[in-house]
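Here's the structure, in structure tokens; my notes come after.
The values are calculated or read from the model by the stated rules, or taken from the named source; none is laboratory data. Keep in mind that this is a model prediction, so the values were computed, not measured. Note that each Cβ is placed from the backbone with ideal geometry, even for glycine, and that neighbours are counted across all protein chains shown.
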Amino acid sequence: MGDSSGPAATPVLDATGLVKVYGDRRVVDGVSFTIERGETYGLLGPNGAGKTTTISMVCGLLGRDAGTVTIAGQPLDGSHVSVKAAIGLVPQDIALYPDLTARENLRFFGRLQGLNGKALASRIDAVLEIIGLADRADERVDAYSGGMKRRCNIGAGLLHEPQLLVLDEPTVGVDPQSRNAILESIEVLGGEGLSVLYTTHYMEEAERLCDRVGIIDEGRLIAEGTRRELIDQVGEHARIRLDGTGALGDLARRCGELEAVVSATPSAGSVDLVVTDTAAVLAPLVQAAERAGVEVTAIDVAEPDLESVFLHLTGKALRD
């Protein structure tokens, strides 16, 4: 994260009151958020929630019906090319020439961005290292796997060293190994101080990458914060399932008396607990089982996550 004083106090992105209407449908309805220097910000929501429309307005690809966008303190309006040049956009769809090599693709896009000569060649080499394609740089893109194409797609958005990298669902349709390679590349960029706007409907990606998350649903930003802030905001708690044999009703009663236990419900062969502090409650739970004469066969802990936050806020699963 950037320094909180001087120029770093100006957000790289400040989007305020964004609205987009198609017919009688408000696809984006008053969305506002900021991204600080060096911050990775995730827009988390299901398909059709308005994520792509939002970033299209942020990047100046789509007109806004209302709202403002500033990039590093400069308004994004009209044909302000210099402001748009501060953005590196990586779209969902692969935007590469399949009959060119990765290096040739990057050279072409680099020239479009005003780079040339030794500076371009050096920058291409650096980007190929970042995206993990240095050893495959001179192979045609149509011979690449889906994951390699997506990494090359990211590289094209990095060539001109943008202040804000915008990634729209960059791991859709790739295998787990390729997904991990993409996420590692993004982690490196975030660690080097680049600001990143990342849209996804994969909760685990948002939890891994993002310093802060905005949860978007039906065109509205319904919650925002760090993972911990969001969980605390909606009052989500950890859940523990304790399997065993014996006096489970007595065990549930004893567990219910523990300070960190919100509720304890016996069922066939188990006790289901909702707790506020997993670490503090595990040892007392085992002791309570011993006192109740219950033989514990398994303990399963489910910590709250962004998926449970989204379900709490919207009443539906993230990928519905």
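For region 283-298, a tally of residues being surrounded by 16 or more Cβ atoms within 10 Å (Cβ to Cβ) and farther than 14 Å from Gly246 by Cα returns 2. Scanning region 81-100 turns up no residue that is more than 26 Å from the chain's Cα centre (by Cα), under 23 Å from Gly190 (Cα atoms), crowded, with 19+ Cβ neighbours inside 10 Å and hydrophobic (A, V, I, L, M, F, W, C). Flag not set for Val69, criterion: among the hydrophobic types (A, V, I, L, M, F, W, C), free of Cβ contacts under 8 Å to residues at least 24 places away in the same chain and in the same structural domain as Arg25 (by TED's automatic domain parsing). The residues listed here are Ile182, Ile216; of these, the one that is outside any strand (DSSP E or B), modelled with pLDDT under 95 and under 25 Å from Leu61 (Cβ atoms) is Ile182.
The helices (runs of 4 or more DSSP H) located wholly in region 244-320 that include 2 or more residues which are touching a residue at least 40 places away in the same chain (Cβ under 8 Å) and more than 26 Å from Ala223 (Cβ to Cβ) occupy 248-256, 278-292. Taking region 146-187 on its own, how many of its residues are within 16 Å of Ala126 (Cβ to Cβ), surrounded by fewer than 18 Cβ atoms within 10 Å (Cβ to Cβ) and of a type in the set (A, V, I, L, M)? Summing the residues that are within 16 Å of Ala126 (Cβ to Cβ), surrounded by fewer than 18 Cβ atoms within 10 Å (Cβ to Cβ) and of a type in the set (A, V, I, L, M) in region 146-187 gives 0.
Counting only residues that are surrounded by 12 or more Cβ atoms within 10 Å (Cβ to Cβ) and more than 14 Å from Ala298 (Cα to Cα), region 267-281 holds 7 of them. Screening region 14-62 for residues that are free of Cβ contacts under 8 Å to residues at least 12 places away in the same chain and not acidic (Asp, Glu) and picking the one that is surrounded by the most Cβ atoms within 10 Å (Cβ to Cβ) gives Ser56.
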